[in-house]
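One structure is given here, and the rest of the page talks about it.
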Amino acid sequence: MTTALRPEDPPPSRWEMPDPSRADDSGVVAIGADLEPGTLLAAYRAGLFPMPIRKRTLGWWSPDPRGVLPLDGLKVSRSLRRSCSRYEVTVDTSFSSVVQACADPRRPHGWIDDSIVDAYQRLHDLGWVHSVETWTPEGELVGGLYGVAIGGLFAGESMFSHATDASKVALVHLVDRLLRGGGVLLDVQWTTDHLASLGAVDVPRPEYLERLAEAVALPQITAFHPTDPGDDPG
């Protein structure tokens, strides 16, 4: 299903979002609740995101420090620039395929189960969640990412790669779209070595929450208008 240009507001959550400062040392703020669209949007606006603690226990997280990729600080190596010219990139053309690839149970530390897939599909259908897809010239999907867009925030959730630099190319394209479309904050949750090599930095939770409040108050990012037909790999 193609997402709307203007996101559709779901019914509000029946849950009250907890204070992120209540997080334990691991970053867990609370457990339980649900994955309804209204709950997810309220959580992201409050600085929280969902991830299971154990297979059947839903946790709500607010790491301190928080991983952020400054939009003006993306590090693009020469080899990555060459990779960008080898692939074709689209947005929101194969959302379900991207999420399913990210949810592949064979991936190390995989945690995306059917309930997560269904929840983000619903948010995608409402226009709040978007994917970036990387394709070979032959039309094979080899990489991508997805995340939540609220105001000037893009909260990255997961990415996958089945070819050299394919997920990195999607990230380069995402950053370019955010810069042109009104994005101001790219949340990557934790600064892994992989993301740090691309420019991600750690931000203390209080600073992140201040920047978050400013970002979600902005007009909705226009970076995810339907991809031009000429960009569709067919």
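For residue 173, only one of the following conditions fails: (1) within 20 Å of residue 110 (Cβ to Cβ); (2) buried (at least 19 other Cβ atoms within 10 Å of the Cβ). What is its number? Only one criterion in (1) within 20 Å of residue 110 (Cβ to Cβ); (2) buried (at least 19 other Cβ atoms within 10 Å of the Cβ) is unmet by residue 173, namely (1). Residue 106 falls short on exactly one of the conditions (1) surrounded by 21 or more Cβ atoms within 10 Å (Cβ to Cβ); (2) in the same structural domain as residue 136 (by TED's automatic domain parsing), and that condition is (1). Is it the case that the stretch 3-19 has a residue that's touching a helix residue (DSSP H, G or I) at 6+ places or on another chain (Cβ under 9 Å), over 19 Å from residue 154 (Cβ atoms) and basic (Lys, Arg)? Yes, the conditions are met somewhere in the stretch 3-19. So for the stretch 209-228 (the condition being touching a Ser or Thr at 6+ places or on another chain (Cβ under 6 Å), over 19 Å from residue 8 (Cβ atoms) and assigned by TED's automatic domain parsing to the domain that holds residue 113), does at least one residue qualify? Taking every residue of the stretch 209-228 in turn, at least one turns out to be touching a Ser or Thr at 6+ places or on another chain (Cβ under 6 Å), over 19 Å from residue 8 (Cβ atoms) and assigned by TED's automatic domain parsing to the domain that holds residue 113. Would the stretch 131-147 turn up any residue that is within 20 Å of residue 81 (Cα to Cα), of a type in the set (Ser, Thr, Tyr), in contact with a Ser or Thr (Cβ under 9 Å, 6 or more places away or on another chain) and crowded, with 23+ Cβ neighbours inside 10 Å? Yes: the stretch 131-147 contains one or more residues that are within 20 Å of residue 81 (Cα to Cα), of a type in the set (Ser, Thr, Tyr), in contact with a Ser or Thr (Cβ under 9 Å, 6 or more places away or on another chain) and crowded, with 23+ Cβ neighbours inside 10 Å.
Being modelled with pLDDT of 95 or more, over 14 Å from the mean Cα position of the chain (by Cα) and part of a helix (DSSP H, G or I) is a condition met by no residue of the stretch 131-154.
One residue stands out among those in the stretch 112-130 that are in a loop (DSSP other than H, G, I, E, B) and at negative phi: the one that is modelled with the highest pLDDT, which is 128. When the stretch 198-228 is filtered for residues that are at pLDDT 95 or above and of a type in the set (Ser, Thr, Tyr), only 208 remains. State whether the residues of the stretch 91-106 include one that is farther than 21 Å from residue 137 by Cβ, touching a residue at least 24 places away in the same chain (Cβ under 8 Å) and of a type in the set (Lys, Arg). Scanning the stretch 91-106 turns up no residue that is farther than 21 Å from residue 137 by Cβ, touching a residue at least 24 places away in the same chain (Cβ under 8 Å) and of a type in the set (Lys, Arg). Is it the case, given these coordinates, that residue 89 is within 12 Å of the chain's Cα centre (by Cα), buried (at least 20 other Cβ atoms within 10 Å of the Cβ) and more than 21 Å from residue 46 (Cβ to Cβ)? Criteria not met by residue 89. In the stretch 37-54, which residue that is free of Cβ contacts under 8 Å to residues at least 40 places away in the same chain and part of a loop (DSSP other than H, G, I, E, B) is surrounded by the most Cβ atoms within 10 Å (Cβ to Cβ)? Out of the qualifying residues, it is 48.
The values are calculated or read from the model by the stated rules, or taken from the named source; none is laboratory data. Note that the structure is predicted; figures quoted are calculated from it, not measured. Heads up, the Cβs are rebuilt from the backbone with ideal geometry, glycines too, and the neighbour counts pull from every protein chain shown.
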